[in-house]
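The values are calculated or read from the model by the stated rules, or taken from the named source; none is laboratory data. Please read all numbers here as calculations on a predicted model, not as lab measurements. Note that each Cβ is placed from the backbone with ideal geometry, even for glycine, and that neighbours are counted across all protein chains shown.
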Amino acid sequence: MLESETSTKKWFVPRSSSTGAMHWFLQRITGVLLILLVGIHMLVVHFIPMGFAFAEQFGVASYQATYERLAGGWFFAIDWTLLVVALYHGLNGVRTVILDFSFGPKLNFLVSIILALVGIVAIIYGSWILMVVLDNPV
């Protein structure tokens, strides 16, 4: 096998940590998912009111309308998925920009760990906020 064929095949293996192929691939997948999920979110929140009574009395962006949407289950799943996908996409983008400066493997690993911890904390906080809305109906 030629040298170029071996390195090309290694580039497509997601487990190859030297290439970041899995992060590259997930960045593209999450970008497409963001377009889809933000589109659904915008459509539901801004163009499909939760019944005419809520739209007339509270307006589309009221707490009551938000509670009703989240209590339905499917919109909660969409919002939570949007939270996770947006955080991964954003933090992976920041990680990629920082790692492009090539500070060395130890510092690159530290940057990846710090950004992963920031992402985990943000997901926990965002999930908690969604649950607070569900636990406090008006």
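Cβ-Cβ below 7 Å, separation at least six or inter-chain, first residue in segment 33-45 and over 18 Å from residue 70 (Cβ atoms), second among the small types (Gly, Ala, Ser): which pairs?
34/86
Does residue 51 satisfy the condition of being modelled with pLDDT under 55 and out of contact with any Pro (no Cβ under 6 Å at 6 or more places or on another chain)?
Criteria met by residue 51.
Name, by its number, the condition in (1) at pLDDT below 85; (2) closer than 30 Å to residue 22 by Cα; (3) in contact with a Phe, Trp or Tyr (Cβ under 7 Å, 6 or more places away or on another chain) that does not hold for residue 68.
(2)
Of all residues in segment 66-103 being polar (S, T, N, Q) and in contact (Cβ under 8 Å) with a residue 24 or more places away in the chain, which is farthest from residue 115 (Cα to Cα)?
66
Going by the structure shown, is residue 118 within 14 Å of residue 23 (Cα to Cα), surrounded by 12 or more Cβ atoms within 10 Å (Cβ to Cβ) and without any contact (Cβ under 8 Å) to a residue 60 or more places away in the chain?
Judged against the criteria, residue 118 is not a match.
To keep it simple, each residue is scored yes or no on (1) among the hydrophobic types (A, V, I, L, M, F, W, C); (2) under 19 Å from residue 78 (Cβ atoms); (3) out of contact with any helix residue (DSSP H, G or I) (no Cβ under 9 Å at 6 or more places or on another chain).
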{"residue": "89", "(1), (2), (3)": "no, yes, no"}
{"residue": "96", "(1), (2), (3)": "no, no, no"}
{"residue": "100", "(1), (2), (3)": "no, no, yes"}
{"residue": "105", "(1), (2), (3)": "no, no, yes"}
{"residue": "110", "(1), (2), (3)": "yes, no, yes"}
{"residue": "116", "(1), (2), (3)": "yes, no, no"}
{"residue": "122", "(1), (2), (3)": "yes, yes, no"}
{"residue": "125", "(1), (2), (3)": "no, yes, yes"}
{"residue": "137", "(1), (2), (3)": "no, no, no"}
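Has segment 126-135 got at least one residue that is at pLDDT 90 or above, in a helix (DSSP H, G or I), loosely packed, with under 13 Cβ neighbours inside 10 Å and among the hydrophobic types (A, V, I, L, M, F, W, C)?
The answer is yes; a qualifying residue exists.
Only one of these is over 11 Å from the mean Cα position of the chain (by Cα) and either at pLDDT 90 or above or outside any helix (DSSP H, G or I) (or both): 36, 83, 91, 43. Name it.
Result of the check over 36, 83, 91, 43: 36.
Can you tell me which residue is farthest from the chain's Cα centre (by Cα) among those in segment 62-80 that are in a helix (DSSP H, G or I) and of a type in the set (Gly, Ala, Ser)?
My answer is 65.
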